[in-house]
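What follows is a set of notes on a single structure, which appears directly below.
The values are calculated or read from the model by the stated rules, or taken from the named source; none is laboratory data. Predicted, not measured: the structure shown is a model, and the values here were computed from it. Counting neighbours? That spans all protein chains shown, and the Cβs are built from the backbone with ideal geometry, glycine included.
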Amino acid sequence: MSELSPGDKAPDFTLPADGGQAVSLSDFTGKSVVLYFYPKDDTPGCTKEAIGFSEAIDEFDAAGAVVIGLSKDTVAKHDKFRDKHGLKVILASDADNDVTERYGAWVEKKMYGRSYMGIERCTFLISPDGVLKQIWRKVRVPGHVEAVLDAVKAG
């Protein structure tokens, strides 16, 4: 499968999410969607990123955007993560890895000289008509929420 690029149609999905809801990309037609992939609930970088998006949620709302965080963690883990940190973003569970693979976020990673497969921290800005507007790969958390919010506001 070729890598997604800005201008491509965003792959639709329906996934279970925190609070027992189901979330589909098509639910948000007419709104911008910030879809961010992260490796694991309650790890330092992932927690900082989720808190950062949550702290800016009113600004994303005002700009007409919804924020969805996605990992392989279960809905039960997402609920704990959300409650522990007061998160305000939607947390979707991609336990079977289908959406993660379709977005090209399942990648080979290296740590301490060993290779393994895992979720790359990356973010996709999807336009109100379902087209990929901007993609951030290999995200570093500091400054990322601000960069995404600026891109949303820029339309």
### Query
Somewhere in region 9-27, is a residue modelled with pLDDT of 95 or more, in a strand (DSSP E or B) and exposed (fewer than 13 other Cβ atoms within 10 Å of the Cβ)?
yes
### Task
Using the structure shown, decide if Ser115 is polar (S, T, N, Q) and at pLDDT below 95.
yes
### Query
Which one of these does Ile68 not meet: (1) under 13 Å from Glu49 (Cα atoms); (2) surrounded by fewer than 17 Cβ atoms within 10 Å (Cβ to Cβ); (3) among the hydrophobic types (A, V, I, L, M, F, W, C)?
(2)
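Counting only residues that are under 15 Å from Gly19 (Cβ atoms), of a type in the set (Lys, Arg) and touching a residue at least 24 places away in the same chain (Cβ under 8 Å), give me the helices (runs of 4 or more DSSP H) lying completely in region 37-126 with at least 3 of them.
Details: elements: 44-55, 57-62, 75-85, 98-102.
Where helices (runs of 4 or more DSSP H) fall fully within region 37-126 and carry at least 3 residues being under 15 Å from Gly19 (Cβ atoms), of a type in the set (Lys, Arg) and touching a residue at least 24 places away in the same chain (Cβ under 8 Å), they are 75-85.
Does region 38-47 include one or more residues that are in contact with a Ser or Thr (Cβ under 8 Å, 6 or more places away or on another chain), polar (S, T, N, Q) and surrounded by 14 or more Cβ atoms within 10 Å (Cβ to Cβ)?
Here is the first cut: in region 38-47, the ones in contact with a Ser or Thr (Cβ under 8 Å, 6 or more places away or on another chain) are 38-41, 46.
Now narrow it down to the ones that are polar (S, T, N, Q): none.
The answer is no; no qualifying residue exists.
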### Task
Might you let me know whether region 97-110 holds any residue that is farther than 25 Å from Ala151 by Cα and under 13 Å from the mean Cα position of the chain (by Cα)?
no
### Query
Taking interchain pairs and intrachain pairs at least six residues apart, which have beta carbon atoms under 8 angstrom, with the first residue in region 8-21 and without any contact (Cβ under 8 Å) to a residue 40 or more places away in the chain and the second in a strand (DSSP E or B) and among the hydroxyl-bearing types (Ser, Thr, Tyr)?
Thr14/Ser24
### Task
Could you list all residues from region 127-155 that are assigned to a helix (DSSP H, G or I) and farther than 12 Å from Gly52 by Cβ?
Asp150, Ala151, Val152, Lys153
### Query
From Leu70, Leu87, Leu91, which residue is over 14 Å from Val148 (Cα atoms) and in contact with a His (Cβ under 7 Å, 6 or more places away or on another chain)?
Leu91
